[in-house]
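Have a look at the structure below before the remarks.
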Amino acid sequence: MNATAILIGLGPLIGWGLFPTLASKIGGRPVDQIVGTAFGTFIFALVVAMVNGLSLPTGWNLVLTIASGIGWASAEIITFKSFAMIGSSRAMPITTAFQLLGASLWGVIALGNWPGVTAKIVGGIALIMIIFGASLTVWSEHKTKENSKLITQAVGWLAVGEIGYWVYSAAPQATPVDGMHAFLPQAIGMVIVGVVYAVFLSMKGEKSALTEAVSYKQIISGFFFAFAALTYLISAQPNMNGLATGFILSQTSVVLATLTGIWFLGQKKTPKEMAVTIAGLVLILVAATITVMI
């Protein structure tokens, strides 16, 4: 493993680490955020495809890779809603934990990962660590009924959103399409969701996100998401960091996303809450490492 591979592997740390904070800072409604993010990702993916001469998959492979992007965008709408409810510094560790749980369980049930009793026991302990770590990141020193209710609602929504993230990860696995060729179709799926959601809300009387300036400002956050996705695809290749190490490096983004949300978005924590949050993040990262090393 060389320095270049490590630097590329840390691309998601920057992209996915800053993406939620940047999207929250730019502002707008969840529909504005998903429209801008989808457009930014599509522009980025289109340029990558043109520069590398990548063609679109065909037939059922195209359908599944587009469905992957639809799954992500649908889940991300829910995640953006949770940002508004409890802040990105609390929502990101929770959604990361759900994604890790979903990916691990899918691997065990459908792909035959963690063979043997010992592997399953160790994996089960890691999943418990993920859940406990996520719970620590939302711990409040001074609880109120209102805050507890919002956190409970946000966790429920994020659990539902995991279905979309599962589709995002699982759909391409049913095809022979590699990550680079799946990148543009996924972006197309994201745009479909963003446009349909914007039109749906406008039909209900809300202002169309397609005509709001903030939606197009969110294209910048889309570039950050797309940069992270692309560097992860490169990092996960066997001649770079490989899938396991690439995945672990990408999960470091939850630390930056959480801390920048606290530092730059005014999502304040007391010293005790900060210490407990950092402990929770460490648990999540350690558990993520365990799940891919079994």
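The values are calculated or read from the model by the stated rules, or taken from the named source; none is laboratory data. Quantities reported herein were computed from a predicted structural model and do not represent experimental measurements. As a convention, Cβ positions derive from the backbone with ideal geometry for all residues, glycine included, and neighbour counts pool all protein chains shown. Accessible surface areas use protein heavy atoms only, side chains included; no ligands, DNA or RNA. Shrake-Rupley method; radii C 1.70, N 1.55, O 1.52, S 1.80 Å.
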- Residues of the stretch 56-101 being free of Cβ contacts under 8 Å to residues at least 60 places away in the same chain, farther than 30 Å from Thr258 by Cβ and either touching a Phe, Trp or Tyr at 6+ places or on another chain (Cβ under 7 Å) or not hydroxyl-bearing (Ser, Thr, Tyr) (or both), in sequence order, are Gly59, Val63
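Determine whether Leu150 is open to solvent by less than 60 Å² (accessible area, probe 1.4 Å), touching a residue at least 24 places away in the same chain (Cβ under 8 Å) and out of contact with any Ser or Thr (no Cβ under 8 Å at 6 or more places or on another chain). Even if it seems obvious, please write down each step before you answer.
Working: open to solvent by less than 60 Å² (accessible area, probe 1.4 Å): yes; touching a residue at least 24 places away in the same chain (Cβ under 8 Å): yes; out of contact with any Ser or Thr (no Cβ under 8 Å at 6 or more places or on another chain): yes.
Judged against the criteria, Leu150 is a match.
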- Note on the structure: Filtering the stretch 109-147 down to residues that are closer than 23 Å to Pro172 by Cβ, open to solvent by 40 Å² or more (accessible area, probe 1.4 Å) and either among the β-branched types (Val, Ile, Thr) or assigned to a loop (DSSP other than H, G, I, E, B) (or both) yields Ile109, Gly112, Asn113
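Does Trp60 count as open to solvent by 30 Å² or more (accessible area, probe 1.4 Å), closer than 27 Å to Ile294 by Cα and part of a helix (DSSP H, G or I)? Full working, then the answer.
Working: open to solvent by 30 Å² or more (accessible area, probe 1.4 Å): yes; closer than 27 Å to Ile294 by Cα: no; part of a helix (DSSP H, G or I): yes.
The answer is no for Trp60.
Per-residue answers, yes or no, for (1) modelled with pLDDT under 90; (2) open to solvent by 10 Å² or more (accessible area, probe 1.4 Å); (3) over 19 Å from the mean Cα position of the chain (by Cα); (4) hydrophobic (A, V, I, L, M, F, W, C):
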residue: Gly246; (1), (2), (3), (4): yes, no, no, no
residue: Ser250; (1), (2), (3), (4): yes, no, no, no
residue: Leu256; (1), (2), (3), (4): no, yes, no, yes
residue: Lys268; (1), (2), (3), (4): yes, yes, yes, no
residue: Ala275; (1), (2), (3), (4): no, yes, yes, yes
residue: Ala279; (1), (2), (3), (4): no, yes, yes, yes
residue: Thr289; (1), (2), (3), (4): yes, yes, no, no
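Kindly evaluate Val138 against the criterion of being of a type outside the set (Ser, Thr, Tyr) and in contact (Cβ under 8 Å) with a residue 40 or more places away in the chain. Write out each step before concluding.
Values: of a type outside the set (Ser, Thr, Tyr): yes; in contact (Cβ under 8 Å) with a residue 40 or more places away in the chain: yes.
Criteria met by Val138.
Which of the helices (runs of 4 or more DSSP H) found entirely inside the stretch 178-254 contain at least 2 residues meeting this: closer than 19 Å to Ile70 by Cβ? Break it down stepwise before answering.
Values: elements: 179-203, 213-217, 219-235, 242-251.
The helices (runs of 4 or more DSSP H) meeting that bar are 179-203, 219-235.
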